[in-house]
Amino acid sequence: MTDLLLILLSVAGIWGVGLAVAQLLLSPVLRSTQTRTSLTELLGLGLVFGFGVTAFFYFLWGWIGFGYSTELAGSWMTLGLLLGAGILLMHFRALRKDSSEFEASAADEDFKKLCLAILLFLGLTTVIQSLMTPQRFWDERAIFGLKSIVLFQERSLQNEALLHPDFVQYHPKYPLLIPLNETHFYLLLGEVNDRWSKIMFPLLYLGMILCFQGVLQRTSRQSARAWLFTLMLATIPSMVPWKYGFISGQGDGPVACFHTVTLLYLWSFLTELRRSESDTAVLKILPLIAGLAAGMTIFTKDEGIAFFLIDLIAFTMVSLLYFRGRLLSMSLAAGKFGLTTLIIIAPWLIYRRHLPATTEMTYFSRMQITNLTEGVTALQWAVTHLLKCMFLEAWRWGLQWWVLSISLFAFPVRALKPQQLFLLLNLAGALSALIIAGMIAPTPVQEHIGGSSLRFLLQISGGAMLFIAGQWIEEPE
C-alpha cells in the first residue's frame, strides 16, 4: 500500500510539473479559446510533457555533475504537487465562473460524457494490463531497464558502467528519457521495482489521447467529432492491447505519443494559419510546442531524429507550395520548430559523443550509392511486407490504413489542403525512411524490417488518425 501511495504521488508530481509547463506554453491558447474546451488539451499536454521535463531535469542535473538521491526525487515530486494543485484550482474556479457562457445541447453533453467515460475506462484497463507484469522483453530490460538500474544504484549519470561496452551491450547510445523516469520512481520507492515503473507508459497513452482530443476540438471547434476520432485513436489494437504497445516498457509507445503530439501542433499551426481571425500569439507558440515534443521524441529513441527531419522537410515543402507570399513568417515558424528541438536536445547529443559504440546501424554513414544499389533487391520484399501488415493484417493491428485510404479517395480535394498534405508527406516520408533503412542496413532486410515494421507502424499511426480526422471534419469559416 505504501508503494502504491508513493507511485500515485510521484505520478501526480510529474503531472503537476508538466501542467506548469503546459500552462506557460498554452497561455495564448487559453486566453483565446473557451476555458472548458482548453482543459482537455492542458491536461493531456501536461501529462505528456511531465515525463519529458522530468527526464530532461534529471539529465541536466547529472550532466552538470550532481548526484541523484531520494531527497532530490522527493523535492521534485513536492514541487510538482504544489504547481499542479495551484494550476488545477485556478482552472476549476474559472470553469465555475464562466459556466454560464457555455451552451451545449443535452445530446452533445451526453455524448461527451460517454466518450470521456470510455476513454477513462481504456486508460484504467491499460494501466492494469501494464502493471500485471514486470519488464520482460529484451528492449525494456536490456536497453532501457538496465540503464535505470545503474543510474539508481550508482546515483550518478557519470559512472563507468554506462561507458563499458560489454556491460551496456546493445545500443549504449540510446537516449535516456525512459531510464531517467524509471530512476525517479526507484529513488522514491527506495528500490528497483520494474513493475511499478511501467506506469509511465499507459499514462503517456492517456496523455496522448487527451491532447489529441483537445487540439482537434480547439482547431476544428466540433466537439462531437473530435471525441469520436479520439476514440478511434484510443482503440487502435497495435497501441493497446498489443503486448509491445503501451502496456509494455518498450520505447515505441512513448515515441508514438511524442511524435503524435509534434504532428498535432504543426497540423494545428497550418490549419490556424489559413484563418483570418487566428490569434497571432497562438500561431507563435504552436511551432515551439511542436519543437519541444520533437525533442522529447529524439530523447526517447533514435528514430526521433528521422521523424524530426521528415517533419521539417514536409513543413518546408508545404510552405513553398502554399505560402510563398508569407515565406518570411513560415521560415520563422520552421526555424522556431527546428531551433527549439536542437536547443533542448543539444546537451544529450554532446554527452552521447563520449559513449561507446557497439552494434549501432550508423544509417547516415551508410547512405551511399553502393549500399542503396545493393539493397534494391530487398525493395520489393520490404514494400510487400509493409502493405501486408498495413492492409491484409488490419484485423490484428487496426483499420487506420484502410480508413486513411478511404478518406483520401472520398475527399481528394481536402487532402490537398496544407495541413492535410503535410500529414501525407510526413507519412510517406516515414514509410520511405523505413524502407531505405532496410535497404542500407548491414542485416538482412527480412530480419531488419520484419522485426521492426509493426512497431514502426505503431509510431506513425497517430499521424494517420489525425489525417483521417482532418478529412472528415469540416473547417469553420
* Cα gyration tensor of the range 386-477, axes a ≥ b ≥ c as square roots of the eigenvalues: rounded (a/c below 1.5), prolate (a/b > b/c) or oblate? -> prolate
* Asked: Rounded to a whole number, what % of the accessible area of the chain do carbon and sulfur atoms account for, probe 1.4 Å?
  -> 66
* Asked: Put +1 on the Cβ of every Lys and Arg and -1 on every Asp and Glu Cβ in the chain; which of Trp138, Ser319, Leu120 then has its Cα farthest towards the positive end of the dipole?
  -> Ser319
* Using a Förster distance of 56 angstrom, determine the FRET efficiency expected from the C-beta separation of Arg31 and Gln153, and round it to 0.05. => 0.75
* Rounded to the nearest 500 deg cm²/dmol, what is the calculated helix-only ellipticity per residue at 222 nm for the chain, with -39500 (n - 2.57) per DSSP H run of length n ≥ 4? -> -24500 deg cm²/dmol
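Could you tell me the relative contact order of the range 156-310? Use alpha-carbon pairs under 8 Å, at least six residues apart, and round to a whole percent.
In percent, rounded to a whole number, it is 24.
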* Just subtract the alpha-carbon distance of Leu89 and Lys388 from 0.36 nm times their residue separation and send over the number in nm, one decimal. => 102.7 nm
* Asked: Working out 0.36 nm times the residue gap between Arg195 and Asp279, then minus their Cα-Cα distance, what length gain in nm do you get to one decimal?
  -> 25.8 nm
* Asked: Ile64 to Leu24: FRET efficiency via 1/(1 + (r/R0)^6), r the Cβ-Cβ distance, R0 22 Å, to the nearest 0.05?
  -> 0.40
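So, with +1 on the Cβ of K and R and -1 on the Cβ of D and E, and no other charges, what is the size of the charge dipole of the chain about its Cα centre, to the nearest 20 debye?
Charge dipole, the chain, about its Cα centre: 580 debye, nearest 20.
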* **Quotient of Cα Rg and 2.2 N^0.38 Å for the chain, N being how many residues it contains** => 0.95
* Over 22 Å between Cα atoms, which of Lys147/Lys173; Lys173/Lys388; Lys112/Lys284; Lys113/Lys198; Lys243/Lys301; Lys173/Lys336 qualify? -> Lys173/Lys388; Lys112/Lys284; Lys113/Lys198; Lys173/Lys336
* Structure fact -> Over the chain, with neighbouring protein chains present, the accessible area per residue in Å² at probe 1.4 Å is 42
* Asked: When Lys and Arg each count +1 and Asp and Glu each count -1, what net charge do the other residues less than 15 Å away from Cys389, Cβ to Cβ, add up to?
  -> +1
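When the solvent-accessible surface of protein heavy atoms is calculated with a 1.4 angstrom probe, in what order do Ile473, Ile344 fall, highest first? Please report the intermediate quantities before stating the final value.
Numbers: Ile473 15, Ile344 45 Å².
Highest to lowest solvent-accessible surface, that is Ile344, Ile473.
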* Structure fact -> Contour minus Cα-Cα span, Ala161 to Ala117, at 0.36 nm per residue, comes to 11.3 nm
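What are the membrane-span-like helices in the chain by this rule: whole DSSP H runs, Cα extent along the axis at least 24 Å, mean Kyte-Doolittle hydropathy at least -0.5? Don't skip to the end; give the middle numbers.
Numbers: long enough: 2-32 (43 Å, 1.64); 35-64 (41 Å, 1.16); 70-98 (42 Å, 0.66); 106-131 (37 Å, 1.11); 200-220 (29 Å, 1.09); 252-273 (31 Å, 0.91); 280-298 (29 Å, 1.81); 303-322 (29 Å, 1.83); 327-352 (35 Å, 1.34); 418-440 (32 Å, 1.67); 445-472 (38 Å, 0.61).
Membrane-span-like by this rule: 2-32, 35-64, 70-98, 106-131, 200-220, 252-273, 280-298, 303-322, 327-352, 418-440, 445-472.
Apply 1/(1 + (r/R0)^6) to the Cβ-Cβ distance of Thr133 and Ala12, taking R0 = 30 Å, and write down the FRET efficiency to the nearest 0.05. Mind showing how you got there, number by number?
On the way: r = 24 Å, r/R0 = 0.80.
The computed FRET efficiency comes out at 0.80.
The values are calculated or read from the model by the stated rules, or taken from the named source; none is laboratory data. Since we're looking at a predicted model, the values are computed, not measured. Every residue, glycine among them, receives a Cβ derived from its backbone with ideal geometry; neighbour counts consider all protein chains shown. Please note that ligands, DNA and RNA were not included when accessible areas were found on the heavy atoms of the full protein model with its side chains. Shrake-Rupley method; radii C 1.70, N 1.55, O 1.52, S 1.80 Å.
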